[in-house]
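The values are calculated or read from the model by the stated rules, or taken from the named source; none is laboratory data. Because the structure is a prediction, the values reported are computed rather than measured. Here the Cβ positions follow ideal geometry from the backbone for every residue, glycine too, while neighbour counts run over all protein chains shown.
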Amino acid sequence: MTYNLLKGKRGIIFGALNEKSIAWKTAERAYSEGARFVLTNTPAAIKMGSIDTLAQKCESTVIIADATNVEDLENLIIKGMEFIGGKFDFVLHSIGMSPNVRKGRTYDDLNYHYLHQTLDISAISFHKVLQSCRKLDAINDWGSVVALSYIAAQRTLYGYNDMADAKALLESIARSFGYIYGREKNIRINTVSQSPTMTTAGGGIMGFDKLYDFAERMAPLGNATADECADYIITLFSDLTRKVTMQNLYHDGGYSSMGMSLAAMSVYREGLEYSDVKEDKSKKQCPVKDCPNNG
Ligand SMILES: NC(=O)c1ccc[n+]([C@@H]2O[C@H](COP(=O)([O-])OP(=O)(O)OC[C@H]3O[C@@H](n4cnc5c(N)ncnc54)[C@H](O)[C@@H]3O)[C@@H](O)[C@H]2O)c1
């Protein structure tokens, strides 16, 4: 069902890699709600993924930009405004990557060069996008900016590694810039804290299938899918949420308010004791068969 919620609105969407991506789903939904937008990603992602197909489907265009590079961003914003014929009403930052996660470095053995890259790609890029847009006066009054976050910004989740630090910084940038852009131009900036979602970035997290299963058991409404996330983001881009700003908004089926659920407890009822799963420090191996921490 469509509601014309974004009729006449224009935007930029960062982070559509393939049809599993949250940004991909958001682009499809924004298009069906009447928006025009430009799509952007890195040269490697454009080559590896299928963003051109999405652009065709949505009567959009793809402008290459590495979101850590301010020159690229300025070029994207200028060319993007030319393409859509005006300033933007919405911006989606759906970007995340940790070289430490990719290379299997654990949080107590981080490579600091990689850590800088994680923070730059997954959080500081959000500041760069906002600052570049503001300098070029590229967002209309009452515009809306959304970035994707995860509850690891508030709580420690095994295996999420330095991405947790990046998400904490990302959420802080939303608040700090939200004040500036809000008081000047009524532009709102929020983060959406999404459930574990089966995407390329999600699948890269160690033990992701277990994390997904745990969240699914804990959340009374179950994990939110990428399509459902897109629906929620559309409401945040619409005029129906004009006074929501500087918030981290959980979109997680209720997971963030839970302590223990029946569905999660049932796993323990089946006989698995903590002593069976705690790390065997001498061997540095977890005794649970197929534990992602092993091998
Ligand atoms: N999948 C999950 O479980 C989950 C949960 C909560 C939040 N998120 C967040 O959602 C966002 C989107 O991730 P996704 O799950 O759709 O996965 P995805 O892999 O489809 O998207 C990540 C995107 O980041 C892009 N990217 C990486 N480096 C970049 C750079 N330097 N410049 C520009 N773009 C760059 C990638 O090319 C890719 O398109 C991320 O911020 C992620 O952390 C994901």
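Just one of the listed residues (152, 147, 123) is in contact with a helix residue (DSSP H, G or I) (Cβ under 6 Å, 6 or more places away or on another chain), without any contact (Cβ under 8 Å) to a residue 40 or more places away in the chain and either of a type in the set (Gly, Ala, Ser) or over 18 Å from residue 72 (Cβ atoms) (or both), and it is 152. Checked against the criterion of being within 26 Å of residue 234 (Cβ to Cβ), near the ligand (Cβ under 10 Å from one of its atoms) and among the aromatic types (Phe, Trp, Tyr), the range 115-126 has at least one qualifying residue.
Of the residues making up the range 250-257, not a single one is surrounded by 15 or more Cβ atoms within 10 Å (Cβ to Cβ), among the polar types (S, T, N, Q), under 14 Å from residue 147 (Cα atoms) and in contact with a helix residue (DSSP H, G or I) (Cβ under 8 Å, 6 or more places away or on another chain).
Each residue in the range 99-147 was checked for being outside any helix (DSSP H, G or I) and of a type in the set (A, V, I, L, M), and 7 of them qualify. Sub-6 Å Cβ pairs linking a first residue in the range 156-167 that is under 16 Å from residue 102 (Cα atoms) to a second residue that is polar (S, T, N, Q) and modelled with pLDDT of 95 or more, at least 6 apart or interchain, are 161/100; 162/98; 162/100; 162/118; 163/98; 166/118; 166/122, ordered by first then second residue.
Restricted to the range 174-198, and to residues there that are surrounded by 23 or more Cβ atoms within 10 Å (Cβ to Cβ) and among the β-branched types (Val, Ile, Thr), the residue that is farthest from residue 255 (Cα to Cα) is 187. Taken over the range 152-179, residues that are assigned to a helix (DSSP H, G or I) and more than 19 Å from residue 236 (Cα to Cα) amount to 9.
Residue pairs whose Cβ atoms lie under 7 Å apart, sitting 6 or more positions apart in sequence or on different chains, and linking a residue in the range 5-28 that is in contact (Cβ under 8 Å) with a residue 12 or more places away in the chain to a partner that is basic (Lys, Arg), are 10/36.
One residue stands out among those in the range 2-29 that are more than 15 Å from the ligand (Cβ to nearest atom) and either under 19 Å from residue 80 (Cβ atoms) or in contact with a helix residue (DSSP H, G or I) (Cβ under 7 Å, 6 or more places away or on another chain) (or both): the one that is modelled with the lowest pLDDT, which is 2.
Note on the range 30-41: residues that are buried (at least 22 other Cβ atoms within 10 Å of the Cβ) and either at pLDDT below 95 or assigned to a loop (DSSP other than H, G, I, E, B) (or both) amount to 1.
Given the condition buried (at least 18 other Cβ atoms within 10 Å of the Cβ), within 13 Å of the ligand (Cβ to nearest atom) and part of a helix (DSSP H, G or I), answer yes or no: does some residue in the range 55-70 qualify? The answer is no, given that none of the residues of the range 55-70 is buried (at least 18 other Cβ atoms within 10 Å of the Cβ), within 13 Å of the ligand (Cβ to nearest atom) and part of a helix (DSSP H, G or I).
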